[in-house]
Protein chains: 2
Amino acid sequence: MTPDVFCDQLRNHGRRVTPQRRAIIQVLAETAGTHPTAEQIFTRVQATMPDMSHATVYNTLHELVEIGLLLELGLGVREHRYDINISDHAHMVCLGCGRVVDVPCDCSGVDIPPEQAQGFVLTERHLVFRGYCPDCLAAMEDE
Amino acid sequence: MTPDVFCDQLRNHGRRVTPQRRAIIQVLAETAGTHPTAEQIFTRVQATMPDMSHATVYNTLHELVEIGLLLELGLGVREHRYDINISDHAHMVCLGCGRVVDVPCDCSGVDIPPEQAQGFVLTERHLVFRGYCPDCLAAMEDE
DNA sequence: ATGATTGCAAATACTTTGCACACCC
DNA sequence: GGGTGTGCAAAGTATTTGCAATCAT
C-alpha cells in the first residue's frame with residue numbers, strides 16, 4: 001500500500017492531507033515491519049520537519065487507526081507500537097530486547113463460540129507470543 | 001488457590017512474607033475475575049493499611065508475576081491488569097468501559113511451527129479479543 | 001472563508017527509583 | 001544480626017490537553 005493510497009483514504013474519510021500527515025505516513029511506510037513506537041516515529045519525522053510536535057504525531061496515528069489503515073499494538077510493554085501491515089497476523093515479542101516480529105497467523109479457527117461470548121460483540125483478535133529472540137538467546141549463552 | 005499457598009510459594013522462592021504482602025494477596029483473592037489495575041489494588045489495600053505505598057504494591061505484584069503465581073496482562077490499554085487465574089485462558093476487552101472478561105480458550109492448537117518461529121524460543125501465548133460488552137452495546141442503542 | 005489541523009507547553013497517568021528506617025528470618 | 005522489605009517523595013516515561021495561530025479545501 002503506497003503513501004498515496006493513505007492520503008486518498010484520509011480524504012475519503014473527510015480528513016485533510018497536510019504535509020505533516022504525509023511525512024508521518026512516509027515514515028510508517030519506510031519503517032514497515034519494525035513496529036515503531038510513537039516516539040520513534042516522532043524522532044524520525046522530526047529529522048525532516050523540525051517543528052513537528054508530539055500532538056500531531058499522536059493525532060495522526062490515532063486517526064489512521066480509526067480509519068483502519070494502521071494497527072495499534074498493545075503488547076504488554078510500556079508503549080504502543082504501530083504496524084501498517086493490517087492483514088491478519090500474530091506477533092512475537094522478545095522479552096530481552098523488545099523486538100517485535102510478525103508471524104503468519106492461522107488463527108481463523110480460534111473464535112469464541114457465541115455461547116461463551118457472554119453477549120460481547122467482538123471486532124478484533126490479537127494473538128501475542130512472548131519469548132526470546134535468537135540474538136538475546138545467544139547473548140545469554142555467552143554469560 | 002488460597003492466600004496461604006501464595007505465602008508458602010513466596011517463602012519457597014526465598015521471599016519474605018510480610019503483612020503488606022499478605023494484604024495484597026488477600027485483595028487479589030477477593031477481586032479474582034475483575035482483573036484489577038495496580039492502582040485499584042493499591043486503593044483497596046490502603047483501606048486496611050493506610051501507610052501502604054505504591055512501591056510496595058508494584059514490588060509485590062512483580063514478584064508474584066516472576067514466581068509465576070500472577071498474570072500481568074498487557075491488553076493495549078494504558079495500565080496493566082493482574083489476574084490470579086493462571087490457567088490457560090483468553091480475554092475479551094470492552095472498548096467502551098474497559099472491562100476485561102475471561103474466556104475459556106482452546107488455543108492449545110495455535111502454536112507457531114518451528115520453521116516460522118525465526119529462531120525465537122517462546123514461553124507465553126496470549127489471545128486477546130476486543131469489542132463491546134452487552135452493557136455498552138445497550139447504551140449505544142439508546143442514543 | 002471556514003473550520004480542521006498545527007505547535008507549544010503544561011498537565012496527566014502510570015510506573016519506577018533512591019534512600020533511610022523497619023522488620024522478618 | 002544481617003539483609004530483605006518498606007514508606008516516602010521525587011523523578012521518569014508515555015500520552016493527552018487547551019488554546020491561539022495557521023493552513024487545506
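Values for this structure:
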{"read-out": "The lone exception for A:Thr123 - which of (1) free of Cβ contacts under 8 Å to residues at least 12 places away in the same chain; (2) facing chain B (nearest Cβ under 10 Å); (3) surrounded by fewer than 18 Cβ atoms within 10 Å (Cβ to Cβ); (4) not in a strand (DSSP E or B) it fails", "value": "(4)"}
{"read-out": "Matching residues, region B:80-89, being within 11 Å of chain A (Cβ to nearest Cβ) and touching a helix residue (DSSP H, G or I) at 6+ places or on another chain (Cβ under 7 Å)", "value": "B:His80"}
{"read-out": "Qualifying residue in region A:106-118 (condition: away from every other protein chain (no Cβ under 11 Å) and within 16 Å of DNA strand C (Cβ to nearest atom))", "value": "no"}
{"read-out": "Which numbered condition A:His62 fails, given (1) in contact with a strand residue (DSSP E or B) (Cβ under 9 Å, 6 or more places away or on another chain); (2) assigned to a helix (DSSP H, G or I); (3) more than 14 Å from every other protein chain (Cβ to nearest Cβ)", "value": "(3)"}
{"read-out": "Residue match in region B:41-56 (condition: under 14 Å from B:Ile24 (Cβ atoms) and within 13 Å of chain A (Cβ to nearest Cβ))", "value": "no"}
{"read-out": "Meets criteria (outside the structural domain of A:Ala138 (by TED's automatic domain parsing), within 16 Å of DNA strand C (Cβ to nearest atom), part of a loop (DSSP other than H, G, I, E, B) and within 23 Å of B:Glu72 (Cβ to Cβ)) for A:Glu39", "value": "no"}
{"read-out": "Top-ranked residue in region A:47-62 [being surrounded by fewer than 16 Cβ atoms within 10 Å (Cβ to Cβ) and within 13 Å of DNA strand D (Cβ to nearest atom); ranked as farthest from A:Ile84 (Cα to Cα)]", "value": "A:Asp51"}
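The values are calculated or read from the model by the stated rules, or taken from the named source; none is laboratory data. In this text, all values refer to a predicted model and were calculated from it rather than measured experimentally. Neighbour counts are summed over all protein chains in view; Cβ atoms, including those assigned to glycine, are modelled from backbone coordinates with ideal geometry.
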